[in-house]
1. Between LEU122 and ASP11, how high is the FRET efficiency from 1/(1 + (r/R0)^6) when r is the Cβ-Cβ distance and R₀ = 22 Å? Nearest 0.05.
2. For segment 79-173, give the percent of accessible area contributed by carbon and sulfur heavy atoms, probe 1.4 Å, rounded to a whole number.
3. State, to one decimal in nm, how far the label point of VAL32 lies from the label point of ASP159, with both points 7 Å from Cα in the Cβ direction.
4. How large is ³J(HN,Hα) for each residue in segment 46-61, as worked out from phi by the Karplus curve 6.51 cos²θ - 1.76 cosθ + 1.60 (θ = phi - 60°), to whole Hz, x for Gly and Pro?
5. Stick to the Cα atoms of segment 1-127, pair each with every other, and give me the Kirkwood hydrodynamic radius in Å at one decimal.
6. Amide H of ALA86 versus every other amide H placed in the peptide plane: which residues, excluding those fewer than 5 positions away on the same chain, fall under 5 Å?
7. Averaged across orientations, what area in nm² does the convex hull of the alpha carbons in segment 74-161 project?
8. Please compute P(r) over all alpha-carbon pairs of segment 40-198, binned at 5 Å starting from zero, and give each bin as a whole-number percent.
Amino acid sequence: MLILAFDTATDVATSALVESGEVLGERMSRAVTLLEDVDALLRQAGARTRDVEGLAVGVGPGSFTGVRMGLATARGLALALGVPVAGVSTLDALAAGAPGAVPVVDARRHEVFVLQGEPRVLAPAELELPAGAVCVGNGAVRYRSVLEAAGARVPPDTDERHVPRARFHAQLAHDFGPAEEVEPLYLRVPDADRTRTT
């Protein structure tokens, strides 16, 4: 199965073209260039849009705008190509790329999204970590000093384990179905909803 996978939930957008577990191409850029990246991946692999058999999209948690951009792109492509879609947690993809590490995504407002049993949102200082735990993700980079003071280890900022690489979304994707059934993973209400008055 030829899977086009992408995630735009963090500040680095990732995309990959994977066929039967083999990575044919992978890119990292920004959410606004996602469709350009998809075109480049297909050209690089000598494939056409009609060859794509399924989409795997990151559903967050992460930036509300980023998650929405990824889901909107997945829905548009699924409609145009007539292919099914599977949603994959951005935290699960980070964990797959760094086995044994704790995935930590920046949630803004001095909070992080973290996968510890189940996805949660909390202040970095509230994160309960075993001594020597390795933390990865843009939240780990942003709150390095807090996490290291708690006894955790955070790889260098440029370490690729901090990026939810789309190859892992393709690897984790299952239960492909209609694009409109793929829901974002929100762990709190958007800022716009918090400030809305009635």
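The values are calculated or read from the model by the stated rules, or taken from the named source; none is laboratory data. Just so it is clear, the structure is predicted and the values come from calculations on it, not from any experiment. Counting neighbours? That spans all protein chains shown, and the Cβs are built from the backbone with ideal geometry, glycine included. Note: accessible area is taken over every heavy atom of the protein model, side chains too, but ligands, DNA and RNA are not part of it. Shrake-Rupley method; radii C 1.70, N 1.55, O 1.52, S 1.80 Å.
1. Between LEU122 and ASP11 the formula returns 0.60.
2. 51 percent
3. Those two pseudo-labels are separated by 3.1 nm.
4. x, 10, 10, 4, 5, 7, 5, 10, x, 10, 10, 10, x, 9, x, x
5. It is 15.1 Å.
6. Sorted by chain and number, the residues that satisfy this are LEU55, ALA56, VAL57, GLY177.
7. Numbers: hull surface 27.4 nm².
If I average the Cα hull's projected area over directions, I get 6.9 nm².
8. Going out from 0 Å in 5 Å bins, segment 40-198 shows 2, 9, 16, 19, 17, 14, 10, 7, 4, 1, 0 percent.
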